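Presented below is the structure to which this report refers.
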Amino acid sequence: MVSTETLGTVGAGVGAAETVRGGSSPHKKRQLFGDSFYDEVAQSKKLRSSGNGGDSKNAQHNTTKEKQQMSAMEEDERIKAIVPDETRACCRSDPFHVDVSALKSFYKEVEILPQVDSYDKSFSCAGGANAEQGKGKWKVKIGDTVAVRVEQDIKDSPAVHFPFVVKWSPVEVISIHRVHKTKELCVKLRDRLSKKDQSEKDAIAMHDINVGKIVIEFRWLYRDHEIPGASKKKKESADSDELEELFETDHIDSCSADCILSPIRLHDATRLPKNFPTSIFGMPLMHYQCSRFWSIHRRSFVPSGPLSNRVSRGRMYSAYEVAFTKLQQRASASVGSTAPLREKASWKVAFQTAIQKLSLAEAAQDTQENGMVLACREKERKQIKRFLQKGICGLNEGRDKEGKTKNLKTSLFIAGPPGTGKTASVRSIISELQKDQHEGLLPEFNFITLNGIELRHPFDSYVKFWEAVSGPRKERLPPVQAVHELEHYFCGDQEDVEEVDFSEKPVTVLMLDEIDYLVTPQQTLLYNFFDWPLRATTARLVVIGISNTINLPEKLTPRVQSRIGGDRCNFQAYNFQQTLTILKTRLGMMGGNPGYPVFEEDAIRFAARKCANLSGDIRKAFIMCKTAAETAFEDYSSGKRELKADSQPIVSISDIRKESKDLFSVIALKAISYSTAYEALLLISLGALMRSRESGNFEIKEILTKIESIANSSGEHTYMDARLSFADVLGMLNRLGDAGILQMKFSQSSPWPWISTHLHTYEIHASFRDTSHSKLSEKHLANQRLF
């Protein structure tokens, strides 16, 4: 049984986590295609969930049993009823990525035969040139906006037909993939892609392997009357030339490519010039205005940025990030191959490249997305990777009569000081294992991460975890319901254990970062997270806990210690030699690289020794070198620093020494200690957010939300009486920015500034020591925090 604890005082975040109910909710748009389509798409895998969020457990159990008892013949007949023998969609080009484990191949475009029988009479292709054009193929590419046919309308809002004779909705195509029937077909298709010679490719017949349903992953574009709380009547404008507005969303779905009807154009302007085409190639061409973004998860409008970045925004919510990574790598390789080669880059290009390499965001992306191996962490990586491989495969070193045994090690505890590569190492290894999974070398698994410091209350972790486990539905339930759904998902009821195949559901790999913040008075939350893997009967779970406190398990109750187990992986602070190796590797100074030298050897050694002696945090070394390179680049470019004869621009040891003084400046820390109550609240909130993201860039809205959370949980009227508005926070940020404590950066993708600071969390915490804000700082910024 799941261990429970009082959830009555969960906090303000729980109320917002309740799922939207009611037949008029546009969140149920997924059902517009009917359940039959989604069963067909998942025919190569067993369905992992059933029912809606509001259904009872009995209803879910009954649905699962019915699907398991369905015979193969009945399944084929049902699929034939919804998949026509003559499909209107085809992919003639080679895919850019093949996922063997998921039995899917991904394409840049799909050819569609216009569905003229679904068009209104005014757009019929009878006779004339339109008739010939309507018989041709129409290419739909990733990022296009189109109209898709829906089979049923469950919303209370009026059904939309014109300019078609069927119900339809506007969407944005995010990805295009084909669902294959067998793993052998995917392997053949992958082998075809690996062949460089065209004759070798032609030897593998495409008609034998290019079979299977073509599916598009899309993003719903909401109309005005589909926004929750808005009038269900369509808005009638007095001006007939004014375009109807559509809203970008983070609502993702999938459907057959045969559901595509015609193209749609989005515009920034609210009006279009006269005589603008309303049809193209015999198909209706509809025009809309789009400038706002509606989030179904936040249930509010959020800044969206320019319309030109719409395609990249849509890819952020795709379920196939690896496929887009492959696409981006191919595009980069293509650009790199056509770029002219230069024996020696100019000093400006070399400086800009070094600055980019030293960016924390760039380093995090290389490790988390590109799978870059962290230097000087080979031993820790080997231990973590071996544990994950065993956990995902479910095998142990011991062998029984059948040659396999169940793996009993399902939990790993990782500890070490901040900035030592704990989270980055795990993400880098996961990136490698995901590539092995897509090659068919590992069983299917889902990687989910929860950060304790990002949650308003520890029990919100149940909400976030179930939202991720529930799949595309992203079902948000209160903590009490979420924990019981998780209990049933992983452990199930004893009567269902024999009827459910253990391999039906993919393995779930959960990373609990900053678990110090997930410790509750009775410690039941950590107990449940580490207990589910040991009792798993219907779905396997592998848990990795990460903490800055090395002896955290010893401070917990014995029953929690028994669930965490004895597997430990400790990360030590970087010493001088390790820091030097990492910096040189990152800057390409290892192995006699003939490129332009941006840093002096002594400058790199000084930065490595300075950081190793003070904190061992590699992020400090990156910031110090990056800031020194930026200062030198600006001085050389503006002419403030003159070059001597036969010399070249370079970052010297004096530049590093100057930046180290600013980085570890006592003046800035002294200024922080004299902060007002609200300024202290802002800085502590920023420091708490910094512990969740290594990049350290945050929006004002994030900071304001964190201020409210910390103030309400402080229990002191000095902070609880704070009713800070957006203008109040912006004013304090400007004052702290003028003092050199904070930095504000603006980008074209967002109208709000990004806030960052060169100070580390422990420096902010040390500044408030022996002040009236020491208790609040100790509670949220101290490394060793239990309760």
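Computed quantities for the displayed model
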| item | result |
| --- | --- |
| Enumeration of residues in the range 391-423 that are within 30 Å of residue 765 (Cα to Cα) and either assigned to a loop (DSSP other than H, G, I, E, B) or at pLDDT below 90 (or both) | 416, 417, 418, 419, 420, 421 |
| Residues that are open to solvent by less than 30 Å² (accessible area, probe 1.4 Å) and within 21 Å of the chain's Cα centre (by Cα), drawn from the range 459-487 | 460, 461, 462, 463, 465, 466, 467, 469, 470, 471, 475, 477 |
| Residues of the range 430-457 classified as in a helix (DSSP H, G or I) and either at pLDDT 90 or above or under 15 Å from residue 391 (Cβ atoms) (or both), total | 6 |
| The lone exception for residue 514 - which of (1) at pLDDT below 90; (2) closer than 22 Å to residue 410 by Cα; (3) surrounded by fewer than 17 Cβ atoms within 10 Å (Cβ to Cβ) it fails | (3) |
| Selected residue (criterion: nearest to residue 760 (Cα to Cα)) from residues of the range 625-660 that are small (Gly, Ala, Ser) and in a helix (DSSP H, G or I) | 660 |
| Among (1) among the acidic types (Asp, Glu); (2) buried (at least 17 other Cβ atoms within 10 Å of the Cβ); (3) out of contact with any helix residue (DSSP H, G or I) (no Cβ under 9 Å at 6 or more places or on another chain) - the single one residue 659 does not satisfy | (3) |
| Selection within the range 310-319 - surrounded by fewer than 13 Cβ atoms within 10 Å (Cβ to Cβ) and not small (Gly, Ala, Ser) | 316 |
| Helices (runs of 4 or more DSSP H) contained entirely in the range 541-624, each with at least 1 residues that are touching a residue at least 12 places away in the same chain (Cβ under 8 Å) and in contact with a Pro (Cβ under 6 Å, 6 or more places away or on another chain) | 558-564 |
| Residues of the range 712-740 that turn out to be among the hydrophobic types (A, V, I, L, M, F, W, C), in a helix (DSSP H, G or I) and surrounded by fewer than 18 Cβ atoms within 10 Å (Cβ to Cβ), as a count | 4 |
| Residue match in the range 679-700 (condition: in a helix (DSSP H, G or I), surrounded by fewer than 19 Cβ atoms within 10 Å (Cβ to Cβ) and at pLDDT below 85) | yes |
| Every pair of residues 6+ apart whose Cβ atoms lie under 9 Å, when the first sits in the range 347-360 and is assigned to a helix (DSSP H, G or I) and surrounded by fewer than 16 Cβ atoms within 10 Å (Cβ to Cβ) while the second is of a type in the set (Gly, Ala, Ser) and modelled with pLDDT of 85 or more | 348/637 |
| Single residue of the range 178-197 satisfying the filter (open to solvent by less than 40 Å² (accessible area, probe 1.4 Å) and not aliphatic (A, V, I, L, M)) that is nearest to residue 214 (Cα to Cα) | 178 |
| Filtered residue count, the range 523-540, keeping only those that are in a loop (DSSP other than H, G, I, E, B) and either farther than 22 Å from residue 392 by Cα or under 28 Å from the mean Cα position of the chain (by Cα) (or both) | 5 |
| Of all residues making up the range 469-490, the number that are part of a loop (DSSP other than H, G, I, E, B) and at pLDDT below 90 | 4 |
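The rows are residues; the columns are (1) closer than 25 Å to residue 647 by Cα; (2) open to solvent by 80 Å² or more (accessible area, probe 1.4 Å).
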| residue | (1), (2) |
| --- | --- |
| 558 | no, yes |
| 563 | no, no |
| 582 | no, no |
| 588 | yes, no |
| 600 | yes, no |
| 604 | yes, no |
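The values are calculated or read from the model by the stated rules, or taken from the named source; none is laboratory data. What you see is a predicted model; the values in this text were computed from it and never measured. Heads up, the Cβs are rebuilt from the backbone with ideal geometry, glycines too, and the neighbour counts pull from every protein chain shown. Side chains included, ligands, DNA and RNA excluded: accessible areas come from the protein's heavy atoms. Shrake-Rupley method; radii C 1.70, N 1.55, O 1.52, S 1.80 Å.
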